[in-house]
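Comments concern the structure below.
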Amino acid sequence: MNTFMQKYYQLKVQKTEYVTPTIKTFTFASESEKLPHFGAGSHISLKLPMGKRQYSLINDPLQDESEYTIAVKNVGTEGGGSSFLHHHVKPGETIEVASPENYFQIRTEARRHLFLAAGIGITPFLSMMAFLSHTGQSFDLYYAGSSASECAFYSTIKKRYPDQAHFYFMEREQKEKELQNVLRNQCIGTHIYICGPSAFMDHYITYCKGLGYPDENIHSERFRPSSTIQNPKAFQVTEEQSAKTLYVNSNQSLLEALIDEGITVPYACRMGVCGTCEVEVCNGSVLHNETFLTEEEKKEKMLACVSRGEGAITIKV
Amino acid sequence: MILKTIILTDQNNMERACDRKNDIQQAGGNCRILGLEEGIDLEKELSFQPLGAQILIIAEKDLIQNLRQLAIKAGFKQKDITLIHTGGSFNAFCSQCHHIQTFTQQKEFDCANCHQTIEASDHFSAYHQAYLAYPVFTQKNQSDETKG
Amino acid sequence: MSNRTFPFPFTKDQYAYSNNSSILDPPWTLTVTEDYEKEITLKRKLLQQNHSRCFRSLPISIESQWEVMRLVFTQLSEAYPSHFSFTQKGKEFQFQNHLLNEEETFIFRDCTSIELEPMDLAGRHVQEDLILMGDRSDGLFLEAGQLCFPSNWSLAFVLGMEFKSIHYPVPGITDNGFIEKVGRFISRIRPNTAWERKNWSITISEKLDTPLETYADWGRMRQEVTEENAGELVHLRVEVQRLFRMPINHDILFSIHTYLLSLEELIKNEQWLMLFYRNIKTLDDDIADYKGISQYKKEMLGFVEKTMAEKEKMNR
């Protein structure tokens, strides 16, 4: 089952360009159709031989140019997506790309936007700054890197946003001190967006929370691993209300098995989005495969349409 | 985490605000009073409050909606704002003509603008700071059937 | 309306609240029916006579309103290319409505290029009511709406309110956290994706505009229902509600297309008659009150039972 009902496009690589010795941009367009609009902070998924890889769009969302551009840092891992893109994807070639998603949207209600970027973590902020320049909202960028020459889009950003962009190329300790200074004493109505390596994000998110800033004002981009269960396995289920025990085959969902057995479960979307087919988990371990339940809820609930048990589980409808 | 509370108040309610401040501080909270004085640039003052702060507005009922709007404009979220107004009356939003007026104990009254007899329900709008009031017709039992 | 295109809402024998949403492919939020011209005329008349009742917006909604307008014109021209066209020349967009022989031109995001607010303009070309829900870090807020055909609610009152508090008076809606779940479902709708659900109620007479503001006029009709006139007076009212995540501003467009079918027409379909009867018969009293049915439930059921008895006699 396609968990997200995503639309895929066959896109042609229009051009590639090195912006630093290790960072390259790729621009994609369709030869047959207009590409969907997207918002600031959106990303696309590319289908590569090693699996799906997600990259932020760096285009201006209001330019309406019907092309998608990403910036990829070659992290040098053998067999990795970035290395493949750098070495094997050339202009004129076709790549399968999923329609844009957005887990890192701009908060329109903010009085001021504060962007904190490290390294290649700058990418989502390029679309955000372009968008906010159009809408006339206030923002500042604090961008940490190792040096100006290795800092992607350094001169473009400096030229386009001379008053808003601030760069930090100093020693690590000094950098941390200065960035913490920036974060301190923020006023009501500020939204803080953080993107960079995991350790960088963890550090500054923790720091912001320590300052008493509300969770709803702190945003970060983490690409989620695709949650699709690769090789579904059969499992056993006992349903407490009816005291029935049944087997869910590997090619069948828990929801289908329950309905076949005559156990009524309300359902709607069958793709783990709407939450209608939620059931209580009394015992056993569950592979969650949806986007609806909170982490807390996952401890005692599951969605019968897409999530599966491991071995034997007990549920209550 | 340091909980920051701003108390915004008019001069008439300063005493009440001070009592509140003491309560908050005794509970270990961090609190500041922002008084409505002549010449104060309230919009500016509010927008310089720290991120994560809560605001408690204690004021005359007529003032409170304006103060609330200013706080929202400054960046406070609805849930960060607590209102205490003096006078013990509430607002009713006339569902027939949209006029907002006050009411006290009596829930059924005539709208001052369209003169329809209306009855306040418990459907509350934080935006209007008012309860929705449904029309009451003279035919018996009909008012119960209007809620939508 | 004829029963050929009527979106009959009941699938089960008993009515219960559920998030009975389904995903749409293609994700179009609008439908043009044979009543297009009639309903557009009525809509524009209502907007002219009672603008502050039928259109409301907050300043924060303006960017999204532009997105709604471009989306509405794009979808109309894609779904009904012979009725509408939408083109761009340089900075200027041109929308042509061939059904009404009208043309709108504008520069995207330039408020001086149009005389109305964008959603107020776009809404005048579609049968749907349009509601804009802003997706904010503390919830979904109703930030703009063009609402001409509401079922007993007031746009002016709910403007600026959060999704959950808007639905506060619906009986039983907070049971098991139902309304929170629906809110969460909406907040997770993906960009460029549309979901549809149906909602129903009953209207007396074939009247689309039943706002709370004019309850005094149309609510009285509820007392006039008899077993004899129920077939003609009583209409099943179905709202096809669509939720669309707008990609650029990440807000939600909520479109409501209202359909009315008289009982006279409904009973021609025996399956519908049966389902309608069972659903009304087993309806909880508080929901019947909320939907305004209690006053004439007896008369309406009397008509339906009589019809069913006659049909059974004929089938024998």
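For C:Ser61, are the conditions met, namely being over 23 Å from C:Val240 (Cβ atoms), in a strand (DSSP E or B) and not aromatic (Phe, Trp, Tyr)? Criteria not met by C:Ser61.
Scanning the stretch A:287-301 for residues that are away from chain C (no Cβ under 11 Å) and in a loop (DSSP other than H, G, I, E, B) returns A:His288, A:Asn289, A:Lys299, A:Glu300.
Scanning the stretch A:214-241 for residues that are surrounded by 12 or more Cβ atoms within 10 Å (Cβ to Cβ), at pLDDT 90 or above and not polar (S, T, N, Q) yields a count of 10. Within the stretch A:242-286, the residues that satisfy the criterion of being away from chain C (no Cβ under 12 Å), surrounded by fewer than 22 Cβ atoms within 10 Å (Cβ to Cβ) and either aromatic (Phe, Trp, Tyr) or assigned to a loop (DSSP other than H, G, I, E, B) (or both) are A:Ser242, A:Ala243, A:Tyr247, A:Asn249, A:Ser250, A:Asn251, A:Gln252, A:Glu261, A:Gly262, A:Ile263.
Which members of the stretch C:74-99 meet the condition of being farther than 14 Å from C:Met246 by Cα and either among the charged types (D, E, K, R) or part of a helix (DSSP H, G or I) (or both)?
C:Leu76, C:Ser77, C:Glu78, C:Ala79, C:Lys89, C:Lys91, C:Glu92 - these are the residues of the stretch C:74-99 that are farther than 14 Å from C:Met246 by Cα and either among the charged types (D, E, K, R) or part of a helix (DSSP H, G or I) (or both).
Residues are listed down the side, and each one gets a yes or a no for (1) of a type in the set (A, V, I, L, M); (2) part of a helix (DSSP H, G or I); (3) surrounded by fewer than 18 Cβ atoms within 10 Å (Cβ to Cβ):
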{"position": "C:Thr5", "(1), (2), (3)": "no, no, yes"}
{"position": "C:Phe8", "(1), (2), (3)": "no, no, no"}
{"position": "C:Pro26", "(1), (2), (3)": "no, no, yes"}
{"position": "C:Glu34", "(1), (2), (3)": "no, no, yes"}
{"position": "C:Glu37", "(1), (2), (3)": "no, yes, yes"}
{"position": "C:Lys43", "(1), (2), (3)": "no, yes, no"}
{"position": "C:Arg56", "(1), (2), (3)": "no, no, no"}
{"position": "C:Glu67", "(1), (2), (3)": "no, yes, no"}
{"position": "C:Leu71", "(1), (2), (3)": "yes, yes, no"}
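Taking first residues from the stretch C:267-292 that are free of Cβ contacts under 8 Å to residues at least 24 places away in the same chain and partners that are among the aromatic types (Phe, Trp, Tyr), the Cβ contacts under 9 Å between residues at least 6 apart in sequence or on separate chains come to C:Gln271/C:Phe8.
For the stretch A:82-94, state whether one or more residues are under 30 Å from C:Ser64 (Cα atoms) and either away from every other protein chain (no Cβ under 14 Å) or touching a helix residue (DSSP H, G or I) at 6+ places or on another chain (Cβ under 9 Å) (or both).
First, pick out the residues of the stretch A:82-94 that are under 30 Å from C:Ser64 (Cα atoms): none.
Checked the stretch A:82-94: no residue is under 30 Å from C:Ser64 (Cα atoms) and either away from every other protein chain (no Cβ under 14 Å) or touching a helix residue (DSSP H, G or I) at 6+ places or on another chain (Cβ under 9 Å) (or both).
Elements of the type strands (runs of 3 or more DSSP E) sitting completely within the stretch B:30-148 and holding at least 2 residues that are charged (D, E, K, R) and either away from chain A (no Cβ under 14 Å) or out of contact with any helix residue (DSSP H, G or I) (no Cβ under 7 Å at 6 or more places or on another chain) (or both): these cover B:108-110, B:117-125.
With respect to C:Glu78, determine if the residue is closer than 30 Å to B:Ile72 by Cβ and within 14 Å of chain A (Cβ to nearest Cβ). Let's see the steps before the verdict.
Numbers: closer than 30 Å to B:Ile72 by Cβ: no; within 14 Å of chain A (Cβ to nearest Cβ): yes.
When the stated conditions are applied, C:Glu78 does not pass them.
Scan the stretch A:29-66 for residues that are under 14 Å from A:Gln14 (Cβ atoms), charged (D, E, K, R) and either surrounded by 16 or more Cβ atoms within 10 Å (Cβ to Cβ) or within 14 Å of chain C (Cβ to nearest Cβ) (or both) and the total you get is 1.
The values are calculated or read from the model by the stated rules, or taken from the named source; none is laboratory data. None of the values given here were measured: they were computed from a predicted structure. FYI the Cβ positions are ideal-geometry reconstructions off the backbone, even for glycines, and counts take in every protein chain you see.
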